[in-house]
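S.K.: Before I ask anything, here is the structure I am working with.
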Amino acid sequence: MNYLAPSILAADFSCLGEQVKCLERAGADYVHIDVMDGAFVPSISFGMPVIRTIRPCTGLAFDVHLMIEEPARYLKKFAECGADMVSVHAESCRHLDRTIDEVKQLGLRASVALNPATSLHVLEYVLPKLDMVLLMTVNPGFGGQKFIPGMKEKIRSLRQMAESRGLAVDIEVDGGITLENVESILEAGANVVVAGSSVFKGDIEGNVKSFLGKMGHACD
Ligand code: DX5
Ligand code: ZN
């Protein structure tokens, strides 16, 4: 099953609640929420107060992508403000295995995110614990960048690695996904698609529906 997770980093923050409702109406699956701390990545985005504010606006699952140093310090707070699934970066966790356990103990779906240059090897001993792996297909920190072509091979290798171990883990791709490249990215083995600028530029509902169409996703 394929899932669409529009990234609200590209939304109009002056009417964020409305835009999140619009995603739900159009049939999106998750709301992808990019939290940036200005240390792990150069930008600062938003944190718990914003997530808490939009939580009542939708029943969609909140897919929280933590681009912050030592995310273990804040997991409980993200659970309390409405996260359903949390991605922690392997590069930002000193004790990745323990951090994954903590995410699961909070009742959240656990995911590990990898920067483009990070090898899949870091997943070797934790993959069976994960619900999802988030492969960054741009360097994290900004929306609107171009998909790094070499990442298709990485998606393929991860799907192979999971299948050879009999694991049905979700593979989420994040960065530079467009209506033009989404089909080939799914074909490589991804099944959760993050899209920021290509959803929020122009007609949001129309864009979500176009993505869902290309993803073989049943629309209402
Ligand atoms: C980048 C973020 C992405 C970003 C994607 O650091 O993790 O989720 O919002 O934006 P687009 O789809 O515009 O590349
Ligand atoms: Zn993201």
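The values are calculated or read from the model by the stated rules, or taken from the named source; none is laboratory data. Remember, predicted model here, so these are calculated numbers, not experimental data. Because the Cβ atoms are built from the backbone with ideal geometry, glycine has one as well, and the counts that use them run over all protein chains shown.
S.K.: Mind listing just one residue for me: the one in the stretch 21-40 that is hydrophobic (A, V, I, L, M, F, W, C) and either buried (at least 22 other Cβ atoms within 10 Å of the Cβ) or part of a loop (DSSP other than H, G, I, E, B) (or both) and, of those, farthest from ligand 1 (Cβ to nearest atom)?
M.R.: ALA26
S.K.: I'd like to verify a number: residues in the stretch 144-168 that are in contact with a helix residue (DSSP H, G or I) (Cβ under 7 Å, 6 or more places away or on another chain), outside any helix (DSSP H, G or I) and closer than 17 Å to HIS89 by Cβ, how many?
M.R.: Going through the stretch 144-168 one residue at a time, the tally reaches 0.
S.K.: Exactly one condition in (1) over 29 Å from THR53 (Cα atoms); (2) free of Cβ contacts under 8 Å to residues at least 24 places away in the same chain; (3) not aliphatic (A, V, I, L, M) is not met by THR118; state its number.
M.R.: In the conditions (1) over 29 Å from THR53 (Cα atoms); (2) free of Cβ contacts under 8 Å to residues at least 24 places away in the same chain; (3) not aliphatic (A, V, I, L, M), THR118 misses (2) alone.
S.K.: Just to check your reading of the model, which residue among LEU66, LEU4, LEU106, LEU9 is more than 14 Å from ligand 1 (Cβ to nearest atom) and either more than 17 Å from the chain's Cα centre (by Cα) or modelled with pLDDT of 95 or more (or both)?
M.R.: So the residue among LEU66, LEU4, LEU106, LEU9 that is more than 14 Å from ligand 1 (Cβ to nearest atom) and either more than 17 Å from the chain's Cα centre (by Cα) or modelled with pLDDT of 95 or more (or both) is LEU106.
S.K.: Of the residues LEU158, LEU179, only one is of a type in the set (A, V, I, L, M, F, W, C) and more than 19 Å from HIS121 (Cβ to Cβ); which?
M.R.: From the options LEU158, LEU179, the qualifying one is LEU179.
S.K.: Restricting the search to the stretch 170-193, which residues are more than 16 Å from ligand 2 (Cβ to nearest atom), farther than 17 Å from MET1 by Cβ and part of a loop (DSSP other than H, G, I, E, B)?
M.R.: Those that are more than 16 Å from ligand 2 (Cβ to nearest atom), farther than 17 Å from MET1 by Cβ and part of a loop (DSSP other than H, G, I, E, B): LEU179, GLU180, ASN181.
S.K.: Using the structure shown, decide if ALA168 is in contact with a strand residue (DSSP E or B) (Cβ under 9 Å, 6 or more places away or on another chain) and either under 23 Å from MET36 (Cα atoms) or hydrophobic (A, V, I, L, M, F, W, C) (or both).
M.R.: For ALA168, the condition - in contact with a strand residue (DSSP E or B) (Cβ under 9 Å, 6 or more places away or on another chain) and either under 23 Å from MET36 (Cα atoms) or hydrophobic (A, V, I, L, M, F, W, C) (or both) - is not met.
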